[in-house]
Each structure stands twice: as C-alpha cells, then as structure tokens.
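The values are calculated or read from the model by the stated rules, or taken from the named source; none is laboratory data. Worth saying up front: this structure is predicted, and the values here are computed from it rather than measured. Counting neighbours? That spans all protein chains shown, and the Cβs are built from the backbone with ideal geometry, glycine included. Only protein heavy atoms, including side chains, enter the accessible area calculation; ligands, DNA and RNA are left aside. Shrake-Rupley method; radii C 1.70, N 1.55, O 1.52, S 1.80 Å.
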Amino acid sequence: MDKEIQNNVIEVSTISKAFGGLRALENCSLNIQAGSITGLIGPNGSGKTTLFNAITGYERIDSGDIRFQGKSIAQSKPEQIFKLGIGRTFQLTRIFPKLTVLENMHVAVQRQGKGNMFSSWSAAHERRKALELLDFVGITKHKDLLAGNLSYGQRKLLEFAFILIADPKIILLDEPAGGVNPTMILYLADRIRELHQQGLTFLIVEHNMEFVMNLCQQVAVMHQGNIIAQGTGAEVRSNPAVLDAYLGGGLE
Ligand SMILES: Nc1ncnc2c1ncn2[C@@H]1O[C@H](COP(=O)(O)OP(=O)(O)O)[C@@H](O)[C@H]1O
Ligand SMILES: [Mg+2]
C-alpha cells in the first residue's frame, strides 16, 4: 500500500454537506498525517466547524468518505467515533456547569464506557487519572469548584482534560485560544506540544495566527467549503489564493 496513505490517520475524501441550499462543504478533501500538528484556518463561515462536525459524527455528510486509520467512519455516531480515539473540543465549551470540575471528569470516565454508573468512582485509578489530568492542564486547585464558576480559559482547559481521559489518538480543537488570555494560551500550547511529543496527532482550528504558526508544522486553508491550500505556515501565507480568500486582511 502507498506509504503516504498508511501514514494518514484521517483521510477526508471529497465530502460534501449542504444545509438547504447552502453548501457548507463541497468536495472537500484533507489528509491528516499521524503525529502531526495541523492547523486549519479560513475566514468565518468557510466550513471549518462543519468539517470537524463531519469527522466527529455530529453532522452526517451527503457524499464522500471519511476514514480513520483506514476504516470508514462516515456513518458512525459521535460516541463511537470518540471511543475509537478521536477527541474534540467545541468552539463553545460543552462542560457541565452545575457539576464540580472533578464531577465533570467523572462524567468523562462514564462516557468512555469504563466507569460504572452505580458505583461512584468505581476504580481508584480512574480517580487518580482524572486528578492527574486536571494537574496536567493546571486546574487541580479548582477541582471542587462548580465548573460554571471557572473562567472561560479554565473551562477550555477542563474540556481538554475531559477528552484526554479517553486516551485519544487524535485531538481536534475548535478555536482553543479564542477568548483566552495570553498566559493561558502559551500554557495550552505547551500542553499540546507535550502531548504531541507523546505521539498524539492534532488538528486545530484557530484564528490566532501566532498560535497557529508557532505550533503547526502543516497549515490547511479553507475557503467556501474547500481546502484551497496546504503547506507550511510560510507557504500558505504567501499563497495568492489564500491572500485572495482573506481579501488581504485577517491573516496577520
Ligand atoms: N446547522 C447548520 N444549519 C445551517 N447552516 C449551517 C449550519 N452549520 C453551519 N452552517 C453554515 O455553514 C457554513 C459554514 O459554517 P461553519 O462550518 O460554522 O464555518 P466556520 O467554522 O469556518 O466559521 C456557514 O455559512 C454556516 O452559516
Ligand atoms: Mg467555526
């Protein structure tokens, strides 16, 4: 088999998705190399979140195929895809505000299907893992706080810990730095680098160009439901089609 194909953890092949007459994705293709950190940029409304939703099973595609480690996941449900090893965050975080930070992690364990609904914290090691992950993202001291009382950036860190409990192979982050203070953005970038060194693959939608250019070896650019360019940050920056898509603004 083609070596390049084998190295792709995710292969999106000519997928389309319309909402009524609006074509959010049109013959969109994207390969994600195992072990890479790929940035996904593009103007608002270009289809980035829809592509995330398609990969993670939250939107059913109209045509095309999506493969994870060589197997089609185009018909799979979000929970199945999550359990296969594709973790994601949402543009607007989806934590449970009325549960404490640690209780949120408990939900993550149950979602993974390893916890037991009828015994709280069935396995001590799962609690330990939850605490380790809260420590990893730097919010251990808030473990007993209601998640709704966390700052916006802290909620994003909790959501990050939430998906890590399932030991994902690839993580899709939708605007992780949006609305987050600069110190926390640097902290988040370091955590991503650390996980990347451990072998995780990342696909990151982000408008913060400094964040993308510092972190991502590969950058893919979306425009009107399609990937119009892919390459290093420097390559896509000087690509005329990309500059056109942004109409000369926004990319810096
Ligand atoms: N559930 C939906 N129903 C109708 N239109 C949608 C829906 N989700 C996204 N869209 C439209 O699809 C296009 C792509 O949106 P989106 O993927 O959110 O873009 P991005 O994340 O790049 O800003 C936009 O025009 C958006 O309004
Ligand atoms: Mg979006």
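How large, in Å, is the stretch 55-186 by the Kirkwood hydrodynamic radius built from its alpha-carbon pairs? With all distinct Cα pairs of the stretch 55-186 included, I get 15.6 Å.
For the chain, the Cβ-based charge dipole about the Cα centre amounts to some 800 debye (Lys, Arg positive; Asp, Glu negative; other atoms uncharged).
Across Lys141, Lys83, Lys71, the residue with the most accessible area heads the list, and the full order at a 1.4 Å probe is Lys141, Lys71, Lys83. For Leu203, the residues whose modelled amide H falls within less than 5 Å of its own, excluding neighbours fewer than 5 places apart on the same chain, are Thr38, Ile171, Leu172, Leu173.
Summing Lys and Arg as +1 and Asp and Glu as -1 over all other residues whose Cβ lies under 14 Å from the Cβ of Glu194 gives a net charge of -1.
Distance from the alpha carbon centroid of the stretch 18-49 to that of the stretch 205-221 works out to 14 angstrom.
Exceedance of the 27 Å cut-off in Cα-Cα distance is limited, within the set Lys48/Lys169; Lys129/Lys169; Lys77/Lys169; Lys98/Lys169, to Lys98/Lys169. Say the dipole of the stretch 167-210 comes from +1 at the beta carbon of Lys and Arg and -1 at that of Asp and Glu; which of His207, Ile171, His196 then lies farthest toward its positive end? Going by the charge dipole, the pick is His196. A Cβ-based charge dipole, computed about the Cα centre of the stretch 91-167 with Lys and Arg at +1 and Asp and Glu at -1, lands at about 120 debye. Hydrodynamic analysis of the stretch 91-167 uses the Kirkwood radius over alpha carbon pairs. Inserted into Stokes-Einstein at 25 °C and 0.890 mPa s, it gives a translational diffusion coefficient of 202 µm²/s. Rg then Dmax, both in Å and based on the Cα atoms of the stretch 22-86: 11.9, 34.
Taking 1.567 mPa s as the viscosity and 4 °C as the temperature, the Stokes-Einstein diffusion coefficient of the chain based on its alpha-carbon Kirkwood radius rounds to 69 µm²/s.
For a label point 7 Å from the Cα of Ser72 along Cα→C-beta, name the residues of the stretch 16-32 whose backbone N is under 13 Å from it. Nothing falls inside the zone, counting backbone N under 13 Å.
Counting only protein heavy atoms and a 1.4 Å probe, the chain has 48 square angstrom of accessible area per residue.
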